[in-house]
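*Asks:* Encoded as structure tokens, here's the structure I'll be asking about.
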Amino acid sequence: MTNTDKIPFLDLIAPHTELEEELVSVFKDALRTGGFVGGPAVEKFEQDFAAFSGARHCVGVASGTDALRFALMAAGIGDGDIVITVPNTFIATTEAISQTGARPVFVDIDEATYNMDPAQLEAYLAGECYRDEKSNCWRDRKLGRRVAAVVPVHLYGQVADMDAIQEIADRFRLMVIEDACQAHGAEYFSKKEDRWKKAGSMGVAAAFSFYPGKNLGACGEGGAVTTNDAAVAQKIRMLRDHGQAKKYFHDVEGYNGRLDAIQAGILQIKLKRLPSWNQARRAAAQRYAELFDNANLGWLAGQEPAWSRSVYHLYVIRVQNREALMKQMADANIGTGIHYPVPLHLQNAYMSLGYKAGDFPVAEAVSSEVLSLPMYPQLLAEQQERVVDAILRFAPEPVITVQAEKASYAAVAD
Ligand SMILES: *Cc1c(COP(=O)(O)O)cnc(C)c1O
């Protein structure tokens, strides 16, 4: 008899039942102390998450979106600026940019990694911007605005090519703010510094989300900014708490963007498990790759260059007839997802930015073919076999889109 139990796309129950007693004790502590917002639980978590991410400071906030918005604001981004990012991300990335008063400008992605293509970043800056000697910055020729920052998104748990992005950013006087909302614990080998670096330790600041489905998720909403810059951290502490360093003395107008003590306590407990959970995700990704390799399908999933250690927030393949395959997998009781079906430059919300179909061919091609498979630390080998089986049984074949050996990444540790 074949097993037809549901294989969910995401399992938010298993990791919490495993930890139920510890998690409930956090809630009980809060009830007994009345400490619901801020306080020692938040500070303790901030210290531990900074250490985990290899950054000097961490500021807990209410969501990943707040984290990115506050990071940009604290770095001095605001009205009239341009911030460069990619079109294949969650809309929170560009919401945060717009809500500072800046305007998002997109550049296309690398087809092999789904992350920002440094060559496209450079092409935009060198081709469409000019150097404004007077204010010592680069401006978009058409928009006249200062290009102030770049936000690489570490999509699906894999760090973008940060050496290359940082080098371009330095040359064009841009700040780098990482969107690390999907990449808690991911690592990047910097050739420049000859060492592995953690997501969240590389830019001026980095944004993390603790939305429940993320690699480190709260039992509700949460987020954090990491930074090595004490002044940036201090500004974010002000912004998250109504612009006050001292109660009722407001130096600037801020926001209500604080992290709950209960969520911080929960995150503290789950953070201890995160290294082994990320390891389990990497092992599951390896297993998927082997199962597909055995079937001799060629290049189906995104690539992990030698300079990357992904934490596989998502495991994404690229297939034609995606909708038909999804339906067949749903019939086999297997959950899947699409991240993301419509690139941001073609969303109704961004009509006013003036982009059109064809502007970012890689992001557009990918968006109609990506399919996210079940991926979580508790995923079993037998479940993965069933997932791959369901894909291989898909008719009509072929399901594979990309065969070309596109990118050749240099080896790291030679
Ligand atoms: C989840 C996510 C965000 C936003 O985080 P929230 O906590 O939901 O506000 C931002 N960017 C990316 C890439 C994300 O995946």
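*Asks:* Residues being open to solvent by less than 30 Å² (accessible area, probe 1.4 Å) and not in a helix (DSSP H, G or I): count how many of those fall in region 319-334.
*Replies:* Qualifying residue count, region 319-334: 2.
*Asks:* Looking at region 190-213 only, could you name the residues that are surrounded by fewer than 21 Cβ atoms within 10 Å (Cβ to Cβ) and either part of a strand (DSSP E or B) or within 16 Å of the ligand (Cβ to nearest atom) (or both)?
*Replies:* S190, R195, W196, K197, Y211, P212, G213
*Asks:* Does region 52-78 hold any residues that are within 10 Å of V225 (Cβ to Cβ) and of a type in the set (V, I, T), and which are they?
*Replies:* Hits for region 52-78 are V59, V61.
*Asks:* A further question on this structure: State yes or no: is R171 touching a Cys at 6+ places or on another chain (Cβ under 6 Å) and either under 23 Å from A102 (Cα atoms) or within 16 Å of the ligand (Cβ to nearest atom) (or both)?
*Replies:* no
*Asks:* Continuing with the same structure: Which residues, counting only those in region 327-385, are at pLDDT below 95 and β-branched (V, I, T)?
*Replies:* V366, V370
*Asks:* Please enumerate the residues belonging to region 252-278 that are within 25 Å of Q47 (Cβ to Cβ) and without any contact (Cβ under 8 Å) to a residue 24 or more places away in the chain.
*Replies:* G254, K272
*Asks:* Under 8 Å by Cβ, and 6 or more places apart or on different chains, what pairs join a residue from region 78-95 that is on the phi < 0 side of the Ramachandran plot with one that is near the ligand (Cβ under 9 Å from one of its atoms) and among the charged types (D, E, K, R)?
*Replies:* T85/D179; T89/D179; T93/D179
*Asks:* A follow-up question, please. If G220 satisfies all but one of (1) within 16 Å of the ligand (Cβ to nearest atom); (2) assigned to a helix (DSSP H, G or I), what's the number of the condition it fails?
*Replies:* Tallying (1) within 16 Å of the ligand (Cβ to nearest atom); (2) assigned to a helix (DSSP H, G or I), G220 fails exactly one: (2).
*Asks:* While we're looking at this one, here's another question. Would you mind telling me which numbered condition in (1) closer than 27 Å to F360 by Cα; (2) within 16 Å of the ligand (Cβ to nearest atom); (3) open to solvent by 20 Å² or more (accessible area, probe 1.4 Å) G64 fails?
*Replies:* Exception for G64: condition (3).
*Asks:* Looking only at region 1-36, filter to residues that are β-branched (V, I, T) and part of a helix (DSSP H, G or I); which one of those is most open to solvent (accessible area, probe 1.4 Å)?
*Replies:* For region 1-36, the residue satisfying everything is T33.
*Asks:* Out of curiosity, is N88 buried (at least 23 other Cβ atoms within 10 Å of the Cβ) and over 30 Å from E46 (Cβ atoms)?
*Replies:* Yes.
*Asks:* Is there any pair linking a residue in region 201-221 that is under 20 Å from P152 (Cβ atoms) and outside the structural domain of D163 (by TED's automatic domain parsing) to one that is open to solvent by less than 30 Å² (accessible area, probe 1.4 Å) and near the ligand (Cβ under 8 Å from one of its atoms), with Cβ under 7 Å and at least six apart or on different chains, and which?
*Replies:* Note: no pairs meet the criteria.
*Asks:* Follow-up. Quick one: how many residues across region 177-189 are within 9 Å of the ligand (Cβ to nearest atom) and in a loop (DSSP other than H, G, I, E, B)?
*Replies:* The total comes to 4.
*Asks:* Scan region 134-146 and report the pairs whose first residue is more than 7 Å from I82 (Cβ to Cβ) and open to solvent by less than 60 Å² (accessible area, probe 1.4 Å) and whose second residue is of a type in the set (D, E) and in a strand (DSSP E or B), with Cβ atoms within less than 6 Å and a gap of 6+ or a chain change.
*Replies:* R139/D132
*Asks:* Of all residues in region 245-278, which are farther than 23 Å from G34 by Cα and not in a loop (DSSP other than H, G, I, E, B)?
*Replies:* If the condition is that a residue be farther than 23 Å from G34 by Cα and not in a loop (DSSP other than H, G, I, E, B), then F249, H250, L271, K272, R273, L274, P275, S276, W277, N278 are the ones that fit.
The values are calculated or read from the model by the stated rules, or taken from the named source; none is laboratory data. Since the model is a prediction, treat every value here as computed from it, not as a measurement. No Cβ is skipped: glycine too gets one built from the backbone with ideal geometry, and neighbour counts run over all protein chains shown. These area figures cover heavy atoms from the full protein model, side chains too; ligands, DNA and RNA do not enter into them. Shrake-Rupley method; radii C 1.70, N 1.55, O 1.52, S 1.80 Å.
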